[in-house]
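The values are calculated or read from the model by the stated rules, or taken from the named source; none is laboratory data. Just so we're clear, the structure is a prediction, and the values are computed from it rather than from any experiment. Here the Cβ positions follow ideal geometry from the backbone for every residue, glycine too, while neighbour counts run over all protein chains shown.
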Amino acid sequence: MTDRTLSRDDLWETATVQHGFVTAQQAAQLGVGKGALQMLVQRGTLERAAFGVYRFPRYPVSEHDPYMLAVLWTRAPEACLSHETALDVYGISDINPNRIHVTVGKDRRLRRSAGEGYVIHYEDLTREQIGWWQEVPTVTVATAITQCISTGTPTYLLRQAIENGHAQGRMTTAERDELAAILEVRHDG
């Protein structure tokens, strides 16, 4: 077996847990250089999805791909879906965001093109605040609701998210009660 085959296989292994995507940074960590990536693109093994993000075209396309691409597009390892997008993907609210919300660390400064469909938020999150949705890193329901309370998401949508999140077992009773109280203070204020 050649090194090139092993490189492709290593990239494939990474891509299978990321909806078929792999970043140039991940490729470099696996020992696959820019030249090898370009060769894989020229051969049709990979296709460029965004700057620094590639996709295996043989990997099945799903409706979740845009969310994984948004997280990987940031090239920030801590990036995750957040705010109204998290409420939407968890299916706990009738919210329908027109852009994908992603949170990265406070100290990150993204200077990337093609991010028009994204809203980037800067916040340092703990491990406990980040979970997974369809293999895409996503803030927990309680964290998403907290974020949305502070950014002005309509109260009726947040009440719905609090009740549905609790009913689906995505939040504890204590989290539900605390978020409901915070929301009421905001609503009355």
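On the stretch given as the range 159-189, residues that are among the polar types (S, T, N, Q) and surrounded by 13 or more Cβ atoms within 10 Å (Cβ to Cβ) total 2.
Residues in the range 16-39 that are in contact with a strand residue (DSSP E or B) (Cβ under 8 Å, 6 or more places away or on another chain), surrounded by 20 or more Cβ atoms within 10 Å (Cβ to Cβ) and of a type in the set (A, V, I, L, M, F, W, C): 21, 22, 27, 37.
Determine whether the range 77-90 contains at least one residue that is modelled with pLDDT under 95 and more than 22 Å from residue 143 (Cβ to Cβ). Checked against the condition, which is being modelled with pLDDT under 95 and more than 22 Å from residue 143 (Cβ to Cβ), the range 77-90 yields no hits at all.
Listed here are the residues, each with its yes/no results for (1) modelled with pLDDT of 95 or more; (2) of a type outside the set (Val, Ile, Thr); (3) closer than 30 Å to residue 151 by Cα; (4) not assigned by TED's automatic domain parsing to the domain that holds residue 149.
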| residue | (1), (2), (3), (4) |
| --- | --- |
| 22 | yes, no, no, yes |
| 30 | no, yes, no, yes |
| 37 | no, yes, no, yes |
| 60 | yes, yes, no, yes |
| 71 | yes, no, yes, no |
| 75 | no, yes, yes, no |
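Only residues that are exposed (fewer than 12 other Cβ atoms within 10 Å of the Cβ) and over 14 Å from the mean Cα position of the chain (by Cα) were counted across the range 125-149, and they come to 3.
State yes or no: is residue 47 over 12 Å from the mean Cα position of the chain (by Cα), surrounded by fewer than 15 Cβ atoms within 10 Å (Cβ to Cβ), farther than 17 Å from residue 7 by Cα and at pLDDT 95 or above? So residue 47 does not fit the description; no.
Here residue 65 fulfils each of the conditions (1) in contact with a strand residue (DSSP E or B) (Cβ under 7 Å, 6 or more places away or on another chain); (2) buried (at least 16 other Cβ atoms within 10 Å of the Cβ) apart from (1).
Remark: residue 116 matches the filter, which requires a residue to be at pLDDT below 95, loosely packed, with under 14 Cβ neighbours inside 10 Å, in a loop (DSSP other than H, G, I, E, B) and within 16 Å of the chain's Cα centre (by Cα).
Only one of the numbered conditions (1) exposed (fewer than 14 other Cβ atoms within 10 Å of the Cβ); (2) over 18 Å from the mean Cα position of the chain (by Cα); (3) among the hydroxyl-bearing types (Ser, Thr, Tyr) is not met by residue 153, and that is (1).
Here's the yes/no breakdown for (1) closer than 9 Å to residue 92 by Cα; (2) modelled with pLDDT under 95:
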site	(1), (2)
161	yes, no
165	yes, no
177	no, no
180	no, no
184	no, yes
188	no, yes
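As a summary of the residue check, residue 107 satisfies the conditions (1) in a loop (DSSP other than H, G, I, E, B); (2) under 17 Å from the mean Cα position of the chain (by Cα) except for the one numbered (2).
Within the range 95-132, the set of residues being among the hydrophobic types (A, V, I, L, M, F, W, C) and without any contact (Cβ under 8 Å) to a residue 60 or more places away in the chain comprises 100, 102, 104, 110, 119, 120, 125, 130, 132.
Scan the range 119-158 for residues that are in a strand (DSSP E or B) and hydrophobic (A, V, I, L, M, F, W, C) and the total you get is 7.
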